[in-house]
Every structure is written in C-alpha cells, then in structure tokens.
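Asks: Before we start, here is the structure in question, set down as structure tokens.
The values are calculated or read from the model by the stated rules, or taken from the named source; none is laboratory data. The structure presented is a predicted model; accordingly, all values stated were derived computationally and were not measured. Cβ atoms come from the backbone with ideal geometry, glycine included; neighbour counts cover every protein chain shown.
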Amino acid sequence: MEVLLLNDDTIAAVATGLGGAGIGIIRISGKNAVDIGNALFVNPKEKTLKDAESHQLLYGRVRDPITKKDIDEVLISKMKAPHSYTAEDVVEINCHGGIVSLRKILSLVIKAGARLAEPGEFTKRAFLNGRIDLTQAESVMDIINAKTEKSLEYSVGQLEGRLSQKLEELDGALIGILAHMEVNIDYPEYDIEEISYAFVNNEIIKLLNIIKELLLVAETGKIYREGITTAILGEPNVGKSSLLNTLLMEEKAIVTEIPGTTRDTIEEYMNIQGIPFKIIDTAGIRETDNLVEKLGVEKSRKLLKQTNLVIFMRDISKELSPGEKELLELLKNRKTIYIANKTDSLEREGIKIPTPWIPMSLMKEQGIDILKNKMVEMVYDGTVNQDADYLITNTRHIQLLEKTKASLENAMTTMKIKMPIEVVSIDIMDALEFLRGITGKAVGIDIINQIFKNFCIGK
C-alpha cells in the first residue's frame, strides 16, 4: 500500500492561517525540499541551508532567483529525514504573516520545483511513512478543532499514542489467539482441540471486556469531539434569545418585545464544565403568515430531529397555549430540560413551579446556574468516565470496534456449536482486520483519501 500511495515529489503549502499575523510559515516536504529552500535563501554571512545543521534556525532573506529582489526577511530551518513531521526532509520558512508575502514566497517555492500540497498531505505522508498511525493522524484535526480544554487534552493524548497503545495490545492478543489456533490446525494428530476451545474462549472474553469498556466511554468521546447540539425551543417572545445571550454572555441575538424577531436559527458554541455545547436559538414555533418567519419556523421543526438536547421555554405567567401543548407532546421521548421563565412577572409570590420545570427569571438572573448544572447532568447521565487516559472520539473508530466485537462474539458462537477450529479462526481474522482498520494497518486507499481530504491544506 505504501509503495502505491507514496509520491516521490516535493510538496509545499502555507502552514499557518492566511491573514494579518506576526509570523507565517511555508512548509516544504520531500526529497528536493532542502535544494528548493537553499535556492531561495540568502544569508548575510553567506551561510547556506545545505550546510546548516538539522533543526537549526538561520536568519536571512528570501530572494527571487530571477529578479534578484528580496521578498521578505525570514528565519529558515531544515529538518532532515526521518526526524521531521512527515519523516521526509522538511524545510520551514518563517516570514512575516501578511498575505502578499506568504503567497509570493509560496509562488517562488512552486516555481523552484515543488507542487502545492493537497489537503492533509503532510499528515498523510507522516502516516504512510510510518511515523504515526491513522488514529494519531486523525487527532491532528481534532486538536485544531478542539472546542474545550478537555477535548484538547484527549486529542493531544491520542496524538501521543495513548489510544494506539491500547489498540496495539488488542492487536497483539488477537495475534496470540491466532498463533495458538494455528498449532491445532497444523498438527491435527494431537488431540488439543478441546484445550484450544477453552483457551480461545477465555481470551476472547478478556478482549470483549476491554472493547466494551472502550465503547462505553465512546459516547463521551463523541461529546468532547463534536459537542452537544442544544436547541432552545418555544413560542415567540418567551425569552429564548435572552437565554442565548445570557449563556454566551454577549448580545448574540436581537431581543425585542415584538414576537417573531428571530427569523432564523442562531448557533454558537459554549463551554460548561469542559463540555462543548452548540447552542441554537430557534425561531419561535407558531402559526404565522409572514413568509420569512414561516421559513424560520419550518427550519426549527426540522432542527428538532437533529438535536441531542432540547431546552424548552415557556412564559410561566401565561396559560399553556395549544401550540405549546403540541410541542410538549413532540418532546416526550427526547432529552428535554423544561424552563418556566419570567417568574418575576407572577402576580403573587409563593406559586409553586411543578416538577420538572426549572423556575427562571432572566431579568433577575435567577435559575441560570441550575440550568447549566442540569445540562451537564443530562449529558453525563451518571454513567460517564471523565478520567480516562484515552477515549474513542471518532465515529469511524466506533463502527470498526463494534464490528470487531461482533466478529469475536461470532467466534464464541461458532465454538459453542462445535464447529472446526479453522472456521473459528476466520472470525478471529475478521476481528483483527476490523481492529487494524482503526490504526490504518489494514485500510484501503479510498478510506485514506476520504480521511485526509477534510484536513487543512498546510497540515
């Protein structure tokens, strides 16, 4: 696979964001990286990039070889293979972070013999060159997209190989089982099939327990990686936009006393106790003749099917409307937090708010902390391990682990009905192939390309 996929050319890209910044980096990787960097770099003391030590910064300028004009003042470094991000020769040019400077230097690098990197191609080369496995490669984008400190912590742990080590243990155990079974297959004259069944069965039970633990906390991993989509739902003018602004501590949504002000959904991430919530303020759901508002209401109804959590709000000072009763029916089988807002407008004090409604007065800033704690409680539901060193965070990983688990369970069933050991070994080999699909030991070019196409160009 590596022979087919690895390119022999040299790639380059801007490795930092385009825009006004103090520093920008152009990364070059491949067999001609040092030659290309050397052709563009001029040092005041006539030092060359070729003669520089690996991982040493040199000060100088990038100069156009044709016009002999200096483009920018730079710091340049080379990292000799295999001690680089891609495990190839890598050159990084640190220039000023303006768009014009970055694009001009990149253009010169391309003219000197490199080609523009594809999305994720630097990380793809690191994977294909064996410096990292596929789980570590995927963690690079997770680090970039981390929404909270906790999600960053788990992503960094995955890049360091914590999850890879656990999967490698499972891989080794499966190889051990297959080796034990091979003895029975190769030497059928010895009556050890019964012993083999007992050994294999016990080993599979151990593996299944580990896989079940990984899958148990996988939902937590997805939460940290993707966040909890949380829709604020209710009729117009019950305080949805005010709640959004209060939770985000900024004026994100327009708030007026005119019903129907919110015509479209407004989305923003927030962090509560390390959990990323994607809070969505929806248009108030009601019958309306206004075309724009009507579209917003319809979008809110569709969004309801895609949310992990719903915060349903109503004005407690008013009677439940027919529309609210209809909404409450829709929410019966969904994770929902019920907010009784505007308690400050009740005519008399001492009115009891029925369970499970949370009393709230956004005007007096009452009930917000209770809501936040309830949101966290609804997410964890008392079953999540928040202290694990590693978490399965990727849907692809979860699906392959489920298939690994199913194959091992099939092997146990096959042994139970006394099928030949050769048949049992097929299920074990299937389990090994699914497991190796996670780390990339057994995965096709189509899957690899699909994974890396979602990366940034410079990664």
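Yes or no, residue by residue, for (1) under 34 Å from the mean Cα position of the chain (by Cα); (2) surrounded by 13 or more Cβ atoms within 10 Å (Cβ to Cβ); (3) more than 25 Å from residue 275 (Cβ to Cβ); (4) outside the structural domain of residue 281 (by TED's automatic domain parsing):
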| residue | (1), (2), (3), (4) |
| --- | --- |
| 322 | no, no, yes, no |
| 325 | no, no, yes, no |
| 341 | no, yes, no, no |
| 353 | no, yes, yes, no |
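So that you can scan it fast, the table gives a plain yes or no per residue for (1) polar (S, T, N, Q); (2) at pLDDT 85 or above:
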position	(1), (2)
390	no, no
394	yes, no
428	no, yes
432	no, yes
435	no, yes
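Asks: Kindly establish whether residue 77 is within 22 Å of residue 122 (Cα to Cα), crowded, with 17+ Cβ neighbours inside 10 Å and either in contact with a strand residue (DSSP E or B) (Cβ under 8 Å, 6 or more places away or on another chain) or assigned by TED's automatic domain parsing to the domain that holds residue 111 (or both). Give the derivation first.
Replies: Working: within 22 Å of residue 122 (Cα to Cα): yes; crowded, with 17+ Cβ neighbours inside 10 Å: yes; either in contact with a strand residue (DSSP E or B) (Cβ under 8 Å, 6 or more places away or on another chain) or assigned by TED's automatic domain parsing to the domain that holds residue 111 (or both): yes.
Yes; evaluated as a whole, the condition is true for this residue.
Asks: Let me ask another. Scan 311, 285 and give me the residue that is outside the structural domain of residue 154 (by TED's automatic domain parsing), modelled with pLDDT of 85 or more and under 15 Å from residue 232 (Cβ atoms). I'd like the intermediate steps shown before the answer.
Replies: Working: 285 fails: modelled with pLDDT of 85 or more.
Step by step, each of 311, 285 is checked, and only 311 is outside the structural domain of residue 154 (by TED's automatic domain parsing), modelled with pLDDT of 85 or more and under 15 Å from residue 232 (Cβ atoms).
Asks: How about the range 102-134: which of its residues are part of a loop (DSSP other than H, G, I, E, B) and among the acidic types (Asp, Glu)? Give the steps one after another, and end with the answer.
Replies: Initially, the range 102-134 is screened for residues part of a loop (DSSP other than H, G, I, E, B), giving 112-114, 117-120, 129-133.
118, 133, listed by residue number.
Asks: Would you call residue 432 of a type in the set (A, V, I, L, M, F, W, C), outside the structural domain of residue 125 (by TED's automatic domain parsing), under 26 Å from residue 129 (Cβ atoms) and buried (at least 16 other Cβ atoms within 10 Å of the Cβ)?
Replies: On the way: of a type in the set (A, V, I, L, M, F, W, C): yes; outside the structural domain of residue 125 (by TED's automatic domain parsing): yes; under 26 Å from residue 129 (Cβ atoms): yes; buried (at least 16 other Cβ atoms within 10 Å of the Cβ): yes.
Yes; evaluated as a whole, the condition is true for this residue.
Asks: Okay, moving on. Looking only at the range 208-233, filter to residues that are modelled with pLDDT of 75 or more and of a type in the set (Ser, Thr, Tyr); which one of those is nearest to residue 432 (Cα to Cα)?
Replies: Per the criteria, the residue is 229.
Asks: Does residue 267 fit the bill of being in contact with a Gly (Cβ under 6 Å, 6 or more places away or on another chain) and either at pLDDT 80 or above or on the phi < 0 side of the Ramachandran plot (or both)?
Replies: Numbers: in contact with a Gly (Cβ under 6 Å, 6 or more places away or on another chain): no; either at pLDDT 80 or above or on the phi < 0 side of the Ramachandran plot (or both): yes.
No, not satisfied.
Asks: Consider the range 314-330. How many of its residues are touching a residue at least 40 places away in the same chain (Cβ under 8 Å), under 14 Å from residue 232 (Cα atoms) and not basic (Lys, Arg)?
Replies: First, pick out the residues of the range 314-330 that are touching a residue at least 40 places away in the same chain (Cβ under 8 Å): 314-316, 321, 323-324, 327.
Still in the running and under 14 Å from residue 232 (Cα atoms): 314-315, 324, 327.
This time we only want the ones that are not basic (Lys, Arg), so: 315, 324, 327.
Residues meeting the conditions: 3.
Asks: If you don't mind, there's one more thing I want to ask. Can you find a residue that is out of contact with any Asp or Glu (no Cβ under 9 Å at 6 or more places or on another chain), assigned to a helix (DSSP H, G or I) and at pLDDT 80 or above anywhere in the range 346-365?
Replies: Going residue by residue through the range 346-365, those that are out of contact with any Asp or Glu (no Cβ under 9 Å at 6 or more places or on another chain) are 346-360, 365.
Still in the list and also assigned to a helix (DSSP H, G or I): none.
No, the range 346-365 contains no residue that is out of contact with any Asp or Glu (no Cβ under 9 Å at 6 or more places or on another chain), assigned to a helix (DSSP H, G or I) and at pLDDT 80 or above.
Asks: A further question follows. I'd like to know if the range 73-85 contains one or more residues that are within 20 Å of residue 16 (Cβ to Cβ) and in a loop (DSSP other than H, G, I, E, B).
Replies: Keep residues of the range 73-85 that are within 20 Å of residue 16 (Cβ to Cβ), which gives 73-79, 84-85.
Filter again for in a loop (DSSP other than H, G, I, E, B), leaving 84-85.
Checking the range 73-85: at least one residue is within 20 Å of residue 16 (Cβ to Cβ) and in a loop (DSSP other than H, G, I, E, B).
Asks: Now, a different point. Can you name every residue in the range 145-164 that is part of a helix (DSSP H, G or I) and either touching a residue at least 60 places away in the same chain (Cβ under 8 Å) or in contact with a Leu (Cβ under 8 Å, 6 or more places away or on another chain) (or both)?
Replies: Restricting attention to the range 145-164, the residues satisfying the condition of being part of a helix (DSSP H, G or I) are 149-159, 162-164.
Matches in the range 145-164: 149, 150, 151, 154, 155, 157, 158, 162, 163, 164.
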